[in-house]
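FYI, it's all coordinate maths here, none of it is from the lab. Here the structure is a predicted model, which means the values were calculated and not measured. We place every Cβ from the backbone using ideal geometry, glycine too, and count neighbours over all the protein chains shown.
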Amino acid sequence: MSIKLGITGGIGSGKSVVSRLLGMMGVPVYLSDTESKRLVAADPHIRRELTALLGEEVYRNGELNKPLLAGYLFGDPEHARKVNGIIHPRVKADFRQWVEEHKDAPLVALEAAILIEAGFAGDVDYIVMVYAPTDIRIERAMKRDASSREAIAGRIQHQMSDEEKKARAHYTILNDGTQAVIPQVEDLLNTFTY
């Protein structure tokens, strides 16, 4: 059975960079953001539940009505809890099936911004926190998303704090521009005699 790493970090921390490096080093990586979007679009159970919750307009012409869903999600924390209650169990089941399909790999990874918050911590053996100071994260996210400082700062406010994530993490990769990331990822892999 594979050792499962959970890669997490706040917006703009560089967890996708770490995941890409792991992939280039031969570690299969499950991208929860990409896979959850695929499941929301295609999984009949999710489609049925979201339609029951939000009405037929949530899928317009067979496509997810993202503005409608986003408006509902960000309107109330209870709304987010309901939607997550529909989506997260299906993503977890999909991840578990994916792990089974990659059982011959000595090491696999799950990238998830909300790994701990979404209850995935119990599905991985080790949590790897990718850390960068908030000001650097905001700058990166503003460039990447062509978004305002206020919008990015608002999104950061709604995520678990870095301190909380660090306290739960087994390993931390520093991605603040002062240390090269590749040697840190190599050191992480060497920890598992990969």
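Okay, here's what the table says:
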{"read-out": "22 Å tail of the calculated P(r), the chain, as % of Cα pairs", "value": "51 percent"}
{"read-out": "Cα-based Lys proximity count in the chain, under 20 Å, for pairs eight or more positions apart or on separate chains", "value": "17"}
{"read-out": "Options 59, 44, 25, ranked by Cα towards positive dipole end of the chain, top entry (Cβ charges)", "value": "59"}
{"read-out": "Gyration tensor (alpha-carbon) shape descriptor, segment 60-104, a/c threshold 1.5", "value": "oblate"}
{"read-out": "Contact order relative to length of segment 42-101, as percent, for alpha carbon pairs under 8 angstrom and 6 or more apart", "value": "26 percent"}
{"read-out": "Cβ-based exposure ranking for 138, 182, in which fewest neighbours within 10 Å come first", "value": "182, 138"}
{"read-out": "Among beta bridges that DSSP assigns inside the chain, antiparallel share in %, nearest 5", "value": "10 percent"}
{"read-out": "Relative contact order, percent, the chain [alpha-carbon distance under 8 Å, six or more residues apart]", "value": "38 percent"}
{"read-out": "Total charge dipole magnitude, the chain, about the Cα centre, Cβ charges on Lys, Arg, Asp, Glu only, Debye to nearest 20", "value": "220 debye"}
